[in-house]
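Worksheet for the structure shown next.
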Amino acid sequence: MSAAGGPQWRDRITRTGDSAPFLPWLRDRGSLTERIQSRGRFAVRLLRQQRCRPTADEAQTLGLPPAVLAWVREVALSCDGRIVVFAHTVLPCQPRGPLTRWLARLGERSLGALLFAHAGFSRGPMKFRRLDRRHVLFVPAVQALEFPGVGPQTLWARRSQFGFGTQSVLVTEVFSPTLLQTTPQLAAPGGGVSARPASLT
């Protein structure tokens, strides 16, 4: 990886001292919603959803002209009341289609659950980046993740592009260290729930 806040998103993420605990989350191509749900009570808090300009990098990734408006949605994902992920989604206004209608009425529900519920969705390659204050999403992420006291100087993030018909949506997920404190829940004998330590490999 490049230095913190390096110049671009990377196709690969290498194992380092600070990245190793996050690798199972960053590399997992399954549903993030389902993975968080397996660790406790999942909830979504809508932070904003409006038409505005995506970043130049996002516009380039989505093939949009400079300064064009797109739908931008930001949410905080929580597990048992602790915010663990900041998600930033960009959907081009054109072409219109099912994603436009679904996003308009999604509210405080998970976009990930919607994406993985339809077989017609395709997921492109994942990109990885360690964010710091030089990146436009770092401060919104720190604010959304609500760290007590002084927050971290860097945050690990990933993003990928989902396609559905003629539409494409870019989803960026920024992970809080709080996520590493969650553990998978297992059904225990007698119908209860027991926990096991989360695997970091």
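The values are calculated or read from the model by the stated rules, or taken from the named source; none is laboratory data. Everything numeric in this text was worked out from a predicted model, so none of it was measured. Because the Cβ atoms are built from the backbone with ideal geometry, glycine has one as well, and the counts that use them run over all protein chains shown. Accessible surface areas use protein heavy atoms only, side chains included; no ligands, DNA or RNA. Shrake-Rupley method; radii C 1.70, N 1.55, O 1.52, S 1.80 Å.
Key figures for this structure:
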item	result
Complete set of residues in segment 58-79 that are more than 16 Å from Pro95 (Cβ to Cβ) and either in contact with a strand residue (DSSP E or B) (Cβ under 7 Å, 6 or more places away or on another chain) or touching a residue at least 24 places away in the same chain (Cβ under 8 Å) (or both)	Glu58, Thr61, Val72, Arg73, Glu74, Val75, Ala76, Leu77, Ser78, Cys79
Count of segment 95-126 residues which are more than 17 Å from the chain's Cα centre (by Cα) and either among the basic types (Lys, Arg) or closer than 15 Å to Thr61 by Cα (or both)	3
So Leu106, is it farther than 18 Å from Phe175 by Cβ, of a type outside the set (D, E, K, R), touching a helix residue (DSSP H, G or I) at 6+ places or on another chain (Cβ under 9 Å) and in a helix (DSSP H, G or I)	no
Qualifying positions in segment 54-70 - assigned to a helix (DSSP H, G or I) and crowded, with 18+ Cβ neighbours inside 10 Å	Glu58, Ala59, Thr61
Selection count, segment 127-167, where residues are assigned to a loop (DSSP other than H, G, I, E, B), under 26 Å from Cys93 (Cα atoms) and more than 13 Å from the chain's Cα centre (by Cα)	4
Residues of segment 33-48 classified as part of a helix (DSSP H, G or I) and either open to solvent by 70 Å² or more (accessible area, probe 1.4 Å) or among the polar types (S, T, N, Q) (or both), total	3
Where a residue in segment 122-140 is under 17 Å from Asp11 (Cβ atoms) and its partner, wherever it lies, is acidic (Asp, Glu), with Cβ under 8 Å and at least six apart	Pro125/Asp11; Lys127/Asp11; Phe128/Asp11; Arg130/Asp18
Test result for Leu77, aliphatic (A, V, I, L, M) and over 22 Å from His135 (Cβ atoms)	no
Unique residue being farther than 16 Å from Val90 by Cα, at pLDDT below 90, in contact with a Ser or Thr (Cβ under 8 Å, 6 or more places away or on another chain) and open to solvent by less than 80 Å² (accessible area, probe 1.4 Å) when the list is Ala117, Ala113	Ala113
Residue satisfying all of: in segment 8-32; within 25 Å of Arg109 (Cβ to Cβ) and part of a loop (DSSP other than H, G, I, E, B); modelled with the highest pLDDT among these	Asp28
Residue satisfying condition, being β-branched (Val, Ile, Thr), at pLDDT 75 or above and touching a Cys at 6+ places or on another chain (Cβ under 6 Å), within set Thr182, Thr154	Thr182
Options Arg105, Arg73, Arg101, Arg51; residue that is open to solvent by 70 Å² or more (accessible area, probe 1.4 Å) and at pLDDT 95 or above	Arg51
Residue within segment 82-93 that is aromatic (Phe, Trp, Tyr) and surrounded by fewer than 21 Cβ atoms within 10 Å (Cβ to Cβ) present	no
